[in-house]
């Protein structure tokens, strides 16, 4: 019997990791492309891109693992029903309740993993992501420049281009800067052989010092440009903004428990709700995986996914209602879990109960006759 249950666990968890891997690839690819666009626009440095994705990984995984486990049960058990493996198991004395009980035991490991990510690992990762974003927001234009690319940065209408950056990232080579002034609608073009950063010790202001270049100033469409050749020319860089406050997603669970803010309390309920999804969807999936061989391998996936989407959608609605104060906190989001727990229990045991009641009624009617 233990061999059978090890086989079920291995098949289910293997399929769960395969499905979760595909879903992770899809979701993380979309986020990676968005961050890559920020790098191309000069808002992020390319060397922090993979660090950000690594810190965001637990946040993706805490949402995907329950869905992956749900789909894994549907695919594995559905295949076993189609290939009559379940029929053989039942004929050998394995009951529905034994299959359900063993699947729930396997779901506990997934639930603990999701709980660890939701309550501790994911907030830690988001806090590090916020730290990286704060560091990037305080970086100057000089530090955000990428060679071989025109970049529109924070200093008004300034566009900067550099052909190369030294290995220590302290010197720019062959620099081009175009700056448009809205006050007098003039255009300033600067080309220089080299550029470096200078920091005023007294004021803390930062300047881009260009060396051995030429400056052109004039009105677009006219020929009366002022041309100035220089050995050194300084441009003030944008001031570093003050780092923002910590985002709620990066707050620790303990900090959320100590807060009275309704939005933070709603986030706390959400973090506790994510691991509770796993045993509830396990109860649903074991029953929904039963298929008729004539219906096909994937026929049962559509109604099952509709139920899962409804489940997750109601949790989101409950979180918004809790954050806005529409429902009291003592109700929280537990009513959604109880609703679908009741549905799972009905699907699992309700039909059997109705069948026994029907047989009992027929037996009573036969005795009276």
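Computed from the alpha carbon positions, the gyration tensor of the stretch 1-114 leads to an equivalent ellipsoid with semi-axes of 40, 13, 8 Å, biggest first. If R0 is 41 Å, the Cβ-Cβ spacing of residue 191 and residue 306 corresponds to a FRET efficiency of close to 0.10.
Mind giving me the FRET efficiency for residue 136 and residue 25? R0 is 30 Å, r the Cβ-Cβ distance, nearest 0.05 is fine. After rounding to 0.05, the efficiency reads 0.70. Each of 50, 133 was scored by other Cβ atoms within 10 Å of its Cβ. Arranged with the fewest first, they read 50, 133. Shape of the stretch 86-128 from its Cα gyration tensor (a ≥ b ≥ c, root eigenvalues): rounded if a/c is under 1.5, otherwise prolate when a/b > b/c, or oblate? Because a/c hits 1.5 or more and a/b exceeds b/c, the stretch 86-128 counts as prolate. Using alpha carbon centroids, what distance separates the stretch 283-334 and the stretch 102-138, in Å? Centre-to-centre distance over Cα atoms comes out at 22 Å. Largest GNM mean-square fluctuation among 265, 287, 174, using the chain with Cα springs under 10 Å: 174.
As a size descriptor, the averaged projected area of the C-alpha convex hull of the chain was calculated at 30.5 nm².
Computed from the Cβ-Cβ distance with R0 of 56 Å, the FRET efficiency linking residue 258 to residue 6 stands at 0.80.
Net length available on complete extension from residue 79 to residue 109 is 8.5 nm, with 0.36 nm assigned per residue and the Cα-Cα distance removed. Between the alpha-carbon centres of the stretch 27-86 and the stretch 245-266 there is a gap of 25 Å. The long axis of helix 262-288 is offset from the longest Cα principal axis of the chain by roughly 40 degrees. When 346, 270 are arranged by Cβ crowding within 10 Å, least crowded first, meaning fewest neighbours, the order is 346, 270.
For 127, 236, the sequence from fewest to most other C-beta atoms within 10 Å is 236, 127.
Computed from the alpha carbon atoms alone, the convex hull of the stretch 144-236 holds 114 Å³ per residue.
Of 318, 37, 285, the residue with the greatest mean-square motion in the GNM of the chain, using alpha carbon springs below 10 Å, is 37.
Once the Cα atoms are used to define both axes, helix 49-82 deviates from the longest principal axis of the chain by about 20 degrees.
Cα axis of helix 2-40 to longest principal axis of the chain: angle in degrees, 0 to 90, nearest 10? The two axes meet at around 20 degrees.
No lab work stands behind these numbers, since they all come straight from the coordinates. Only a predicted model underlies this, so the values are computations on that prediction, with no experimental measurement involved. As a convention, Cβ positions derive from the backbone with ideal geometry for all residues, glycine included, and neighbour counts pool all protein chains shown.
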